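Here's the structure we're looking at; comments come further down.
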Amino acid sequence: MINVIGLGYIGLPTALMLAAHDNEVVGTDIKKEIVDNLKGKKLTFEEQGMEELFKTALSKKIRFETAPVATDFYIITTPTPYDAKTKKIDCSYVINALKSVLPVALEHAVIVVESTVSPGSMDNFIRPVVEEYMSNSGKTIHLAHAPERIIPGNMVHELLTNARTIGADDETVGEKVKQIYTSFCQGEISLTDIKTAEMTKVVENTFRDINIAFANELAKICREANMNVHEVIRIANKHPRVNILSPGPGVGGHCISVDPWFLVGEYPYLTKLIYQARQINDSMPEFVLRRIGEIMEKHDLHDFSRVGLYGLTYKENVDDIRESPTLQLLESMKNHLATGLKVYDPMVKRELVQNQYHDLDAFLKDVDLLVLMVGHDEIKKNFSKLNGKIILDTRNIFPLEGCYTL
Ligand SMILES: NC(=O)c1ccc[n+]([C@@H]2O[C@H](COP(=O)([O-])OP(=O)(O)OC[C@H]3O[C@@H](n4cnc5c(N)ncnc54)[C@H](O)[C@@H]3O)[C@@H](O)[C@H]2O)c1
């Protein structure tokens with residue numbers, strides 16, 4: 001039996017996928033509300049393909065609990081934020097989960113940490129907790145690290161098909177973990193040591209962050225030169241060895257905008273490029289705000305309450321608002337006198353910010369300048385409704401001429 005600890009964006013699909021592939025699964029979350037919802041057959045967030053996966057899992061062996069259960073295989077998927085000041089990882093959620101698991105874990109149990117951790121975290125923070133428990137209890141427990149790569153919006157498909165990394169102390173434990181993941185994962189599974197697995201995961205997201213920062217810096221250069229950055233990138237990408245990513249209003253989410261800080265926090269004297277990339281990407285919401293100001297001036301618009309931000313999530317077609325560029329933009333607005341900006345996101349049903357709308361038509365009726373912050377499918381299907389609006393397209397999704405870009 002496999003006990004998945006933490007039923008958020010990563011833990012829940014993982015637990016359901018394991019159950020759908022005939023593993024007996026217990027999903028544990030400390031939040032009673034999450035467990036109650038799942039027990040009541042209600043999913044806790046929207047994600048493509050999750051409804052079907054949930055149905056399949058429920059028809060097999062899965063149950064949900066608020067505490068860990070006695071077994072010999074655990075997967076921990078609790079959050080790993082970073083300290084905003086020191087930029088160092090906060091392992092406390094993983095450690096608390098571990099401390100709840102250890103007293104019930106069976107002899108020779110394997111505890112897999114799936115949460116993203118900075119290189120060295122397993123040895124520096126997590127292993128000592130296990131070793132102390134082993135010396136007090138006389139039990140033997142094995143640790144492994146299997147970081148997750150799936151992307152929100154396509155999680156179910158990527159869980160099945162992505163290649164994975166498993167870090168373990170020895171081959172026997174590594175093979176045992178691999179066997180579990182092989183029950184559903186069709187991608188290649190690389191076995192390595194724990195520290196390499198930690199570093200690989202953080203490096204992957206840092207690579208993405210740096211490449212996005214390059215595109216964002218180009219957007220700023222092209223703005224200064226009064227050129228269209230998308231046209232420059234489109235043509236440059238015809239070069240056989242060039243593949244520039246798309247600029248945008250900033251980087252959000254729980255991974256790309258967080259993980260590079262783990263390297264900066266651990267190696268501040270070595271991470272100049274990584275630090276600069278973070279700074280550039282974090283500056284983009286402010287850049288969008290300046291762009292809004294320029295466009296308002298050009299159109300003799302003075303009323304911020306006639307400006308609407310479309311999209312609150314950090315990316316298209318998901319309901320995740322963590323580190324969202326729109327929220328960052330609104331935060332920086334607090335320092336400006338102008339207020340009243342309108343906001344709408346079809347994926348965000350709860351009341352999150354001031355002047356938030358829950359109906360596209362009502363939102364569009366109340367704005368003259370529309371800023372496309374997120375390319376949800378909904379707006380792509382409704383471009384015809386934008387006739388007559390001044391548009392700032394920060395995502396390069398609007399197909400017609402005449403809109404402003406970054
Ligand atoms: N979301 C992503 O796109 C993504 C992708 C790859 C990797 N990751 C990594 O996966 C990890 C989890 O991220 P997430 O997005 O699923 O986070 P999340 O916040 O959506 O989910 C974490 C869950 O853990 C629960 N939890 C916290 N402490 C617990 C405890 N002691 N016992 C039981 N449950 C507990 C919380 O209640 C929450 O439901 C992080 O390290 C993250 O960096 C996330």
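Quick notes
- A Förster distance of 35 Å, applied to the separation of the beta-carbon atoms of residue 107 and residue 48, puts the FRET efficiency at 0.30.
- Pairs beyond 24 Å (Cα-Cα), from 178/315; 201/238; 60/178; 39/381: 178/315; 201/238; 39/381
- Cα centroid separation, the range 59-130 to the range 171-194: 18 Å.
- Taking 0.36 nm per residue of separation and subtracting the current Cα-Cα distance, fully stretching the chain between residue 196 and residue 214 would add 3.8 nm.
- Residue (of 230, 184, 211) at the positive-pole extreme of the range 138-235, dipole from beta-carbon charges: 230
- Simple spin-label estimate for residue 161 and residue 331 gives 3.4 nm between the two label positions (7 Å along the Cα-to-Cβ direction from each Cα).
- Normalised radius of gyration (Cα atoms, divided by 2.2 N^0.38 Å) for the chain: 1.07.
- FRET efficiency, 1/(1 + (r/R0)^6) with R0 51 Å, evaluated for residue 227 and residue 183 via beta carbons: 0.50
- Reachable aspartates and glutamates, given that their alpha-carbon falls under 13 Å from the alpha-carbon of residue 220 and they are not under 8 places away in the same chain: 286
- The ranking of 100, 121 from fewest to most other beta carbons within 10 Å of each one's beta carbon is 100, 121.
- Distance in nm between pseudo-label sites at residue 134 and residue 352 (7 Å out along the Cβ direction from Cα): 4.3 nm
- If R0 equals 25 Å, the separation of the Cβ atoms of residue 297 and residue 383 corresponds to a calculated FRET efficiency of about 0.45.
- The chain: antiparallel DSSP beta bridges as a percent of all, rounded to 5: 5 percent
- Over the residues of the chain, the helix contribution to mean residue ellipticity at 222 nm works out to -11500 deg cm²/dmol, using -39500 (n - 2.57) for each DSSP H run of at least 4.
- Local net charge near residue 340, Cβ-Cβ under 14 Å (Lys/Arg +1, Asp/Glu -1): 0
- Residue among 61, 85, 380 with the largest mean-square fluctuation in a Gaussian network model of the chain, springs linking Cα atoms under 10 Å: 85
- Phi angles of the range 198-208 translate, via the Karplus equation with coefficients 6.51, -1.76, 1.60 and θ = phi - 60°, into HN-Hα couplings of 4, 5, 4, 4, 5, 5, 4, 6, 5, 4, 5 Hz per residue; Gly and Pro are given as x.
- Springs between Cα atoms under 10 Å define the GNM used for the chain, and in it the highest mean-square fluctuation of 123, 29, 282 occurs at 123.
- For the chain, built as a Gaussian network whose Cα springs stay under 10 Å, the top-fluctuating residue of 55, 178, 315: 55
- Extended-chain gain in nm, criterion 0.36 nm per residue less alpha-carbon gap, residue 238 and residue 339: 32.1 nm
- DSSP-defined beta bridges in the range 112-236 - what % are antiparallel, rounded to 5: 25 percent
- Nonlocal amide H pairs with residue 324, under 5 Å, H built at 1.01 Å: 253
Laboratory data are not the source of any read-out in this text; all were calculated from the coordinates shown. This structure is a prediction, so every number in the text was calculated from the model and none was measured. Backbone-built Cβ (ideal geometry, glycine too); neighbour counts: all protein chains shown.
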